[in-house]
Amino acid sequence: MPSDCAQARADLPVGLVGCGRWGRHIVRDLVALGCHVTVVARSEASRQRAAEAGAVALVDRLSALPAVAGVVVATPTSTHAAVVQALLSREVPLFVEKPLTCDEESAAAIVAAAGERVFVMHKWWYHPGVQELARIAASGELGAVQGLRMQHLSWGQPHDDVDVLWILAPHGLSIAQAVLRELPALRGAVAEVNPAGAVTHCYAWFGAQPYLSLEVSANSPERRRWFALSCAQGVAVLADGYASSVTVHRPTGDGLDMASEDRPLSAELPLLRELAWFVDHLRGGPPPPTDAAAGLAVVRAVAAIRRAAGVAP
Ligand SMILES: NC(=O)c1ccc[n+]([C@@H]2O[C@H](COP(=O)([O-])OP(=O)(O)OC[C@H]3O[C@@H](n4cnc5c(N)ncnc54)[C@H](OP(=O)(O)O)[C@@H]3O)[C@@H](O)[C@H]2O)c1
């Protein structure tokens with residue numbers, strides 16, 4: 001996984017569309033990776049965030065973006081499809097924040113038009129703890145994988161264009177792609193919905209052996225990011241996005257006790273890791289693994305959850 005900032009050269013022109021709460025972190029990391037960042041920022045607030053984070057140039061509309069080696073898209077979810085479509089004629093690699101889009105048709109159209117050069121910023125796929133869970137699953141050191149249990153719980157969510165299912169479920173689904181290699185078929189889902197029809201809490205379950213259980217919430221007093229890989233001979237747990245280790249638990253004695261072992265993790269943030277991969281690709285390296293086809297599978301899974309739970313698309 002390419003992530004060596006020390007070797008970065010400050011000579012790569014990269015565009016960023018959207019510089020809100022999250023986009024400013026993207027500017028910071030692209031600058032750290034040696035990019036000359038031009039930001040499409042329409043409002044004064046976005047312009048200010050971009051300048052403070054280190055952008056070298058600002059333009060007020062997409063068509064004013066100069067020639068760049070690649071473009072990162074960090075606009076609200078509901079705008080991803082239109083922004084990506086508007087960028088496709090540039091014929092450069094695009095890295096789009098998750099989810100790829102919020103409807104199956106537009107995501108499939110992007111894959112058909114330019115699936116080889118559109119990638120999705122599924123940050124959790126690149127998380128050192130998720131990569132450790134994937135390594136444990138693939139190695140078989142804890143025996144056959146039985147299932148992956150995931151909780152992504154918050155109180156409220158800051159986006160008003162889509163609900164928590166479009167915002168948080170893509171995280172867990174991309175973790176499942178990393179750890180189980182593919183998404184098992186959906187078996188069922190239930191959801192809580194507010195008076196406006198927006199999902200506020202959802203349970204979904206997939207597959208059988210291995211299974212996947214996913215719980216996301218904007219209605220949880222406890223903030224929780226918790227991921228457990230259950231195998232025949234033990235359970236490996238990533239207990240938070242900022243956890244310093246994955247802990248492997250094995251039963252001992254009569255099974256009522258356990259032996260726990262911490263596996264230390266790199267402290268490198270997943271946003272930097274995924275951007276490092278994209279920047280390395282723009283410099284001639286391999287493409288990021290979270291490609292548009294994987295992004296489409298996530299969009300299809302969220303759409304299937306919504307249908308199973310009986311909520312609006
Ligand atoms: N992976 C993660 O952990 C993570 C975390 C947070 C967010 N995200 C993702 O990042 C994306 C942005 O989230 P955010 O929290 O930064 O949103 P935000 O604070 O609402 O910022 C959105 C930015 O996009 C701009 N924008 C909106 N519509 C646009 C359009 N049609 N064309 C060009 N620019 C447009 C806004 O500019 P104006 O000021 O001019 O309106 C603003 O700069 C979302 O897809 C979200 O899911 C991912």
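Structure above, values below:
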quantity: Residue range of the chain that is longest and free of GluC sites (Glu not before Pro) which are both DSSP loop and sparsely packed (at most 15 other C-beta within 10 Å); calculated: 1-90
quantity: Dimensions in Å of region 215-257 - Rg and Dmax from alpha carbons; calculated: 13.3, 40
quantity: Calculated [θ] (222 nm, deg cm²/dmol) that DSSP helices of n ≥ 4 give over the chain, each run adding -39,500 (n - 2.57); calculated: -10000 deg cm²/dmol
quantity: Cβ-Cβ FRET estimate between ALA113 and GLU141, R0 fixed at 30 Å, reported to 0.05; calculated: 0.10
quantity: Packing-based ranking, highest mean first, of 77-84, 172-179 given that Cβ atoms within 10 Å are counted; calculated: 172-179, 77-84
quantity: Between region 121-176 and region 245-313, the alpha-carbon center distance in angstrom; calculated: 4
quantity: Net charge over other residues, Cβ less than 14 angstrom from the Cβ of LEU214 (K, R count +1; D, E count -1); calculated: +4
quantity: Sequence ranges 223-234, 28-39, ranked by mean other-Cβ count within 10 angstrom, highest first; calculated: 28-39, 223-234
quantity: Distant-in-sequence amide H partners of VAL73 (H built 1.01 Å from N, under 5 Å); calculated: VAL17, PHE95, VAL96, GLU97
quantity: Global geometry of region 261-308, whether rounded, prolate or oblate, following the gyration tensor of its Cα atoms and the 1.5 cut on a/c; calculated: oblate
quantity: The chain: Cα Rg divided by the 2.2 N^0.38 Å rule of thumb; calculated: 1.01
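A short reminder: the numbers here are calculations on the coordinates, not readings from a lab. If you're wondering where the values come from, they're calculated on a predicted model, not measured in any experiment. A quick note on method: Cβ atoms are made from the backbone with ideal geometry, for glycine too, and the neighbour counts reach across all protein chains shown.
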